[in-house]
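Student: Once you've had a glance at the structure underneath, I'll fire off some questions.
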Amino acid sequence: MKEELAWQAFSVKDGKSFDETALKIFRFQSERNPVYRDFIMNLGIAPEKISRIEEIPFLPVELFKTREVILEGAKPERIFESSRTTGVLPSRHFIHDTAIYEKSFTETFRIFYGDPSDYMIAALLPSYTERSDSSLVYMADSLIRQSGDAGSGFFMNGLHELPARIEEARGRGRKVLLLGVSFALLDMAEECPLNLEGVTVMETGGMKGRREEITRNELHTILKSRFRVSTIHSEYGMTELLSQAYSKENGIFHAPPWMKVMIRDPHDPLAVSSEAPCAGGINIIDLANFYSCPFIATGDYGIIHHSGSFEITGRIDNSDIRGCSLMIAGV
């Protein structure tokens, strides 16, 4: 029962099957997840009375800093850890089955970009040996290996090699994905602006503690100008999730079928809506997160649209500094 339910995320095809699976997993979580069970109990909510996904309580993401969020009896195969900053505890995500994460990010990449084997993938991130506890680095490392291209790799410490690698791959007719944290892409744009027409340039966020904060629109405008591309792609993911959303332009994100973004009222965290358009705090149901918690109240503000797409418009006041750029600090 448990193992079958854990993989049901990937059989979700429409809104009805998503809701049915989410409610089924909620009932299982309310019984077998000690942290989530205590959270629901403290709210005075009776799980048997929950009949709609809008009624499901969402676990505050901050609890991943202080509690081991994992189903009872499940043992972690690995632990992903968020970027650190002085005086702030990192989030820790206890992963019972790494194969579920690999299935999630691989299938999501295929949905939005095709097979990784069609690409030369260049990552402006720390290498796997430097940050094996980063979920983003783990994903990039796997996609690089799946690409099977000799030119693929991590280039945070080898920026001078990257232009030639990209040109060589383009000469072979390969698709090229340049994936990186925002500040590293800006560094590259300033140090060696290139004509990357035809290259998919994707930012993963990450500016805090490294550069002066700028908006996503400002970032994309600079990168488009320096790299001579018409659009900048974006990836939205979190240490506490096992699924990602992607934007191919203008910061409008789309999620895979097993991930749903909802909006909570900033003044009433139990008031959650899936109606669109709607703005407020971002809540996420990530069905791939079966062994930890699929129902996460994030620290992000955002907007959901009629199409099911969404935007991230900022951080909620007093939220901890987060951002992929901070992962560099401990290297």
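The values are calculated or read from the model by the stated rules, or taken from the named source; none is laboratory data. None of these values were measured; they are calculated from a predicted model. Methodologically, a virtual Cβ is constructed for each residue, glycine included, from the backbone with ideal geometry; neighbour enumeration extends over all protein chains shown. All accessible areas refer to the heavy atoms of the entire protein, side chains included, with ligands and DNA or RNA removed. Shrake-Rupley method; radii C 1.70, N 1.55, O 1.52, S 1.80 Å.
Student: Angle, helix 162-171 long axis vs. longest principal axis of the chain, Cα atoms, 0 to 90°, nearest 10?
Tutor: For 162-171 against the chain, the angle is about 80 degrees.
Student: Right, here's the next one. How long is the gain from GLU190 to ALA99 if the chain were fully straight, where each residue apart is worth 0.36 nm and the alpha carbon distance is subtracted? Please report the intermediate quantities before stating the final value.
Tutor: Numbers: separation 91, 0.36 × 91 = 32.76 nm, distance 3.85 nm.
Net length gain for the segment: 28.9 nm.
Student: Treating the Cα atoms of the stretch 13-87 as identical point scatterers in vacuum, please give the log10 of the normalised Debye intensity I(q)/I(0) at q = 0.14 Å⁻¹, two decimals.
Tutor: Once normalised to I(0) and log-transformed, intensities are -0.56.
Student: What accessible area per residue, rounded to a whole number of Å², is obtained for the stretch 1-113 using a probe radius of 1.4 Å?
Tutor: On the way: 5670 Å² over 113 residues.
Per residue, the stretch 1-113 has 50 Å² of solvent-accessible surface.
Student: While we're here: Taking only Cα atoms and a 10 Å spring cutoff, compute GNM fluctuations for the chain and point out the largest among ILE252, ILE214, ILE40.
Tutor: ILE214
Student: Note the angle between two axes, namely the Cα long axis of helix 135-147 and the longest principal axis of the Cα atoms of the chain, as a number of degrees from 0 to 90, rounded to the nearest 10.
Tutor: 60 degrees
Student: Right, another one. If contacts are Cα pairs under 8 angstrom and at least 6 residues apart, what is the relative contact order of the stretch 1-158 in percent? Walk me through the numbers on the way to the answer.
Tutor: Details: 173 pairs, mean separation 25.3, N = 158.
Relative contact order comes out at 16 percent.
Student: Once both labels are modelled 7 Å past Cα along the beta-carbon direction, what's the THR106-ALA150 spacing in nm?
Tutor: Computed distance between label sites THR106 and ALA150 equals 2.5 nm.
Student: Please find the FRET efficiency linking GLU161 to ASP38, where r is the Cβ-Cβ separation and R0 is fixed at 45 Å, and quote it to the nearest 0.05. If you can, show how the numbers build up before the last one.
Tutor: Details: r = 50 Å, r/R0 = 1.12.
Efficiency, rounded to the nearest 0.05: 0.35.
Student: A further question on this structure: Averaging the inverse of every distinct alpha carbon separation and then flipping it gives the Kirkwood radius. What is it for the stretch 221-310, in angstrom units?
Tutor: Numbers: mean 1/r = 0.0714 Å⁻¹.
So the Kirkwood estimate lands at 14.0 Å.
Student: Using the structure shown, list the pairs from LYS24/LYS103; LYS75/LYS103; LYS175/LYS260; LYS16/LYS75; LYS175/LYS224 with a Cα-Cα distance above 23 Å, or answer none.
Tutor: On the way: LYS24/LYS103 21 Å; LYS75/LYS103 19 Å; LYS175/LYS260 29 Å; LYS16/LYS75 32 Å; LYS175/LYS224 18 Å.
Check vs 23 Å cut-off fails for LYS175/LYS260; LYS16/LYS75.
Student: Further question: Can you list the residues of the stretch 286-317 with backbone N under 14 Å from a point 7 Å past the Cα of GLU55, pointing along Cα to Cβ?
Tutor: No residue passes the distance filter.
Student: Can I ask one more? Evaluate Rg over Rh across the stretch 58-118, taking Cα atoms for both radii and Kirkwood's formula for Rh. Mind dumping the intermediate values first?
Tutor: On the way: Rg = 14.8 Å, Rh = 13.7 Å.
For the stretch 58-118, the value is 1.08.
Student: Something else: Which whole-Hz ³J(HN,Hα) couplings does the stretch 188-202 yield from phi under the Karplus relation 6.51 cos²θ - 1.76 cosθ + 1.60, θ = phi - 60°, glycine and proline marked x?
Tutor: Running phi through 6.51 cos²θ - 1.76 cosθ + 1.60 with θ = phi - 60° gives 5, 4, 7, 7, 8, x, 10, 8, 9, 3, x, 8, 7, 9, 10 Hz.
Student: A further question follows. If you average over every viewing direction, what projected area does the convex hull of the Cα atoms of the stretch 91-163 give, in nm²? Don't skip to the answer; put the middle values down first.
Tutor: Numbers: hull surface 22.0 nm².
Mean projected area of the Cα convex hull: 5.5 nm².
Student: Same structure, new question: If I take all pairs of Cα atoms in the chain, what percentage of them are more than 36 Å from each other?
Tutor: On the way: 9316 of 54615 pairs.
So the portion of pairs separated by more than 36 Å is 17 percent.
Student: Where in the stretch 1-89 are there GluC sites (Glu not before Pro) that are in a DSSP coil and have at most 16 other Cβ atoms within 10 angstrom of their Cβ? Could the numbers behind the result be given before it?
Tutor: Numbers: sites: GLU3, GLU4, GLU20, GLU31, GLU48, GLU54, GLU55, GLU62, GLU68, GLU72, GLU77, GLU81; in loops: GLU68, GLU72, GLU77.
Sites meeting the loop and neighbour criteria: GLU68, GLU72, GLU77.
Student: Could I ask something else about it? Of ILE284, GLY44, THR129, which is farthest towards the positive pole of the chain's charge dipole, taken about the Cα centre with +1 and -1 on the beta-carbons of Lys, Arg and Asp, Glu respectively?
Tutor: Checked the options; the winner is THR129.
Student: Nearest 10 degrees, 0 to 90: what angle lies between the long axis of helix 15-32 and the longest principal axis of the chain (Cα atoms)?
Tutor: The angle comes out near 70 degrees.
Student: Post the alpha-carbon centroid distance, the stretch 264-301 to the stretch 79-108, in whole angstrom.
Tutor: Taking the Cα centre of each part, the stretch 264-301 and the stretch 79-108 sit 19 Å apart.
Student: Please report, as a whole percent, how much of the solvent-accessible surface of the stretch 1-147 comes from carbon and sulfur atoms (probe radius 1.4 Å). Could the numbers behind the result be given before it?
Tutor: Numbers: 3220 of 6650 Å².
So the carbon and sulfur contribution to the accessible surface is 48 percent.
Student: Roughly how many nanometres apart are two label points built 7 Å out from the Cα toward the Cβ at ARG27 and SER273?
Tutor: 2.9 nm
Student: Between the stretch 127-141 and the stretch 152-229, how far is it from one alpha carbon centroid to the other, in angstrom?
Tutor: Result: 18 Å between the Cα centres.
Student: Would you kindly calculate the translational diffusion coefficient of the stretch 130-194, applying Stokes-Einstein with the Kirkwood radius from alpha carbon pairs, for 20 °C and a viscosity of 1.002 mPa s, and quote it in µm² s⁻¹ without decimals?
Tutor: Working: Rh = 12.8 Å.
Reported coefficient: 167 µm²/s.
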